[in-house]
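Below is one structure, written out as structure tokens; comments come after it.
A short reminder: the numbers here are calculations on the coordinates, not readings from a lab. Quantities reported herein were computed from a predicted structural model and do not represent experimental measurements. Note: ideal-geometry Cβ built from the backbone for every residue, glycine included; neighbour counts use all protein chains shown.
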Ligand code: BGC
């Protein structure tokens, strides 16, 4: 069988790779996601990523995209995640006009869960909840018998939009107090900016944890909120595992142990829940998007 292109459209970067049936990344490239607020610019960047990777051996393109995604039609529905102007974008139709191969579009966190269930931290588990912490907070719910839960309106697993702090910060989805307003790279960035008036990236704030008191307060709040959120996930789903991926996992040495401690101190019955980092870190979206294509070929 040929190879496929797997793409992960993130809030800051579009990562793409040529991936074989075993999930190996043979080649890869990455470009900044357009910040213009114009979905057409994002689609054009997406095409550039594909053009760099495509050749005669490619038999399909799998896309993981933020937002409520109708995976049957390959389009974004009412909520477009952290890309402005992304809602209602018909990704599949756009790509079908340019590329004569199978195209499958899925939610970005769902494809990350597909990857981790296939080859990663969730392999062999009967059920797990995947969360990706990056620009936003994505979620994927996997149950062995039925696979990924998509919901009645392709809104299942939108865990970043469950409410953590009622009447809290306004989210881009229109609600107030969504988890991703407190547990995401963007949240770390904006909370730090509010407290210190200095504009650092989420990663820079995390890196300053041991040298900057304000960064420590911001990251400790993030960690406590993440632990609190995991307690709720445990009580709602009682999964075998919770797997954490997304860009923020690359700084896990800074917050992981405190998160586990807060979880253990706050939870009623941990039920031996396995809380694990994603094996493929931030590559799980790309690999899972490729797997979504192999699944339909
Ligand atoms: C979007 C989700 C997405 C997540 C991570 C959220 O804002 O609503 O669909 O999975 O960000 O990108």
Those residues of the stretch 59-88 that are assigned to a loop (DSSP other than H, G, I, E, B), away from the ligand (no atom under 16 Å from the Cβ) and crowded, with 21+ Cβ neighbours inside 10 Å come to a total of 0
Considering residues that are surrounded by 15 or more Cβ atoms within 10 Å (Cβ to Cβ), in contact (Cβ under 8 Å) with a residue 12 or more places away in the chain and either within 11 Å of the ligand (Cβ to nearest atom) or farther than 16 Å from residue 247 by Cβ (or both), the number found within the stretch 193-208 is 1
Of those in the stretch 1-37 that are in a loop (DSSP other than H, G, I, E, B) and more than 19 Å from the chain's Cα centre (by Cα), the residue surrounded by the most Cβ atoms within 10 Å (Cβ to Cβ) is 20
Here the residues within the stretch 147-181 that are within 13 Å of the ligand (Cβ to nearest atom) and closer than 17 Å to residue 222 by Cβ are 159, 160, 162, 171, 178, 179, 180, 181
Restricting attention to the stretch 91-113, does a residue exist that is within 15 Å of the ligand (Cβ to nearest atom), over 30 Å from residue 240 (Cβ atoms) and surrounded by 21 or more Cβ atoms within 10 Å (Cβ to Cβ)? yes
Considering the stretch 89-119, residues that are part of a loop (DSSP other than H, G, I, E, B) and in contact (Cβ under 8 Å) with a residue 40 or more places away in the chain, and then whichever is nearest to the chain's Cα centre (by Cα), we arrive at 119
Within the stretch 1-18, residues being within 16 Å of the ligand (Cβ to nearest atom) and free of Cβ contacts under 8 Å to residues at least 60 places away in the same chain number 2
Could you say whether any residue in the stretch 217-237 is under 22 Å from the mean Cα position of the chain (by Cα), buried (at least 22 other Cβ atoms within 10 Å of the Cβ) and over 25 Å from residue 12 (Cβ atoms)?
-> yes
